[in-house]
4 protein chains.
Amino acid sequence: MALVNPKTISIFENSIEIRVRYQETDGQRRLHHANYLNYFEMGRVELLRANGISYKDLEDSGVILVVTDLQIKYLRPGDYDDVLTLFTSITRSKGARIEHQYELKKSNEILASGNSTIASIDNSGKPIRLPNWLQRTV
Amino acid sequence: MALVNPKTISIFENSIEIRVRYQETDGQRRLHHANYLNYFEMGRVELLRANGISYKDLEDSGVILVVTDLQIKYLRPGDYDDVLTLFTSITRSKGARIEHQYELKKSNEILASGNSTIASIDNSGKPIRLPNWLQRTV
Amino acid sequence: MALVNPKTISIFENSIEIRVRYQETDGQRRLHHANYLNYFEMGRVELLRANGISYKDLEDSGVILVVTDLQIKYLRPGDYDDVLTLFTSITRSKGARIEHQYELKKSNEILASGNSTIASIDNSGKPIRLPNWLQRTV
Amino acid sequence: MALVNPKTISIFENSIEIRVRYQETDGQRRLHHANYLNYFEMGRVELLRANGISYKDLEDSGVILVVTDLQIKYLRPGDYDDVLTLFTSITRSKGARIEHQYELKKSNEILASGNSTIASIDNSGKPIRLPNWLQRTV
């Protein structure tokens, strides 16, 4: 199934708000560090959506994005019920790879910063070139 | 793909040990109540395995099991790093449904008890009869 | 620490929207059944907030709410990226217990319905009477 | 509360086996990438336990360990029900920081490799020196 009328991405950064759920905290009553990766994933998906693209449709069309590399620095803890702002940007999108940067903030404080590389594969797991409209040319 | 040499189930109850992970606790430093459902799922899978059946193979063969109904009573909290024992039993397995009972214990104390109904569906989501060898006849 | 100016609850039902996250799906590409309990918890917290009460502040004041009993029926699957609506209502709030009902919907379809009992305990785990303002008198 | 008879750590690497749970998979039917961090955490805890130390007791004694920095490379996917082997090693433990390396394998294949820095803090969140017996001197 091909994506209908995919738009070329033109928005390379945006932000979303995320409220820390009780289930996401741990015995320190703070956001467990593994959940930051789920937030980053939400950031990537919403950045695609801001460009008019549903990641679900992309996957249905046979383009699967998988994380291959991730770095994260945890600077300050996130607390239960905090409303955090996640800034996500695409720094590179070329060939079969997309690179993102992330900054998770609570008001003006940075809680965590990170970056990741995503590879595009097909249903059999083989790397495939990103669709042209998903390549960042500027 | 058909399951190769499926065995008829003959073991209807067993127990497994599960250590509470840090990530599974919440701000109360106790096992978060949603995780009990993951434990129950592990109990069902291991009870199948005790019968020589891999749930993964079962799914690959086109029989997908989904929870349709679940009741749980939480009696005492589970703490971080506790080693708990989960008792799982199949109380009924007939037609397109399997019924299980669960008891999660810490030494002699019961932390939670529950029961669930599982339906078998095909890849399109339609209910299908359980394979004969998965029906409980005694 | 006592809650500052707690308001008496007067709103007994509300709804929230929840988008299914990728991490919440399982190998069936559907919302894993344990995550419904996290959604219910979010429903309870937001219903308190609609009444002007932060569950976090409530816990800080020494009133901890724990689930003691939960029933859920799964009627239809939730898919990745679905925007679902969760209806939560307080059906009873008296003594040391609150009872809730839940309905999780996708447009007009009911995906799941459930109900639960919550007990209020203190930091040592002993049941304590709910604050007066949290008792439902109508 | 002080730790009773803490032993000096002398074991700097070990391995544990982890079976991939259904709930840990995502719509690609593979181990979701955020769960690798939970596995790494289990590796750290079990490496402490191999040295006769319970992380829970350590936390009760007022020494809380938090992740400040983490890098991970995902090389191959983990599938549902795989039994994986996680190798964890302490490469440095000095002052208020512990550094770990990780390798997650499926038979002889490396699924992921990573490393992290952990800081020790007290209950108020202030960095504190690691107990002497937790410092790696060789």
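The numbers here are math on the coordinates, done by the rules we state, and not lab data. The structure presented is a predicted model; accordingly, all values stated were derived computationally and were not measured. Cβ placement follows ideal geometry from the backbone for every residue including glycine, while neighbour counts extend to all protein chains displayed.
Listing for the model above:
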item: For the stretch C:118-128, Karplus couplings with θ = phi - 60° (6.51, -1.76, 1.60), whole Hz, Gly/Pro x; result: 10, 10, 9, 10, 9, 4, 8, x, 7, x, 10
item: Computed label-point distance, nm, for sites A:Ser61 and D:Ser54 using a 7 Å Cα→Cβ extension; result: 5.4
item: Simple spin-label estimate for B:Leu75 and C:Glu17 in nanometres, 7 Å along Cα-Cβ; result: 4.4
item: Simple Cβ-charge dipole of the protein assembly as shown, Lys/Arg +1 and Asp/Glu -1, about Cα centre, in debye nearest 20; result: 0
item: Among A:His32, A:Val66, A:Gly78 the positive-end extreme of the charge dipole of the stretch A:13-134 (Cβ point charges); result: A:Val66
item: Cα-based shape type of the protein assembly as shown, given that a ≥ b ≥ c are square roots of the gyration tensor eigenvalues and the cut on a/c is 1.5; result: rounded
item: Label spacing, shortest first and in nm, from C:Ser10 to its equivalents in the remaining copies (7 angstrom along Cα→Cβ); result: 4.9, 6.8, 7.0
item: Shielding by partners - mean other protein chain Cβ count within 10 Å, residues of D:33-45; result: 6
item: Euclidean distance of C-alpha centroids, the stretch B:45-124 and the stretch A:12-42, integer Å; result: 29
item: Identity and axial distance of the chain A residue whose Cβ lies nearest the axis relating A to C, Å; result: A:Arg21, 5
item: Backbone HN-Hα couplings from phi across the stretch A:101-106 [Karplus 6.51/-1.76/1.60, Hz, Gly and Pro as x]; result: 10, 9, 9, 9, 10, 10
item: Electrostatic dipole magnitude of the stretch B:20-138 [Cβ: Lys, Arg +1; Asp, Glu -1; Cα centre; debye, to 20]; result: 380
item: B:Arg136 long-range amide H proximity, modeled H, under 5 Å; result: B:Ser93, B:Lys94
item: Crossing angle, helix C:35-50 versus chain C [Cα axis fit, 0-90 degrees, rounded to tens]; result: 40
item: Linear extension gain, C:Asn108 paired with C:Arg136, 0.36 nm per residue minus alpha-carbon span; result: 7.1 nm
item: Estimated Rh, the stretch A:13-134: Kirkwood, alpha-carbon pairs, angstrom; result: 15.1
item: Approximate spin-label separation B:Lys94-B:Asp122, in nm, with each point projected 7 Å along Cα-to-Cβ; result: 2.5
item: Label distances, nm, B:Val66 versus same residue in remaining copies, Cβ-directed 7 Å point; result: 2.6, 3.4, 4.2
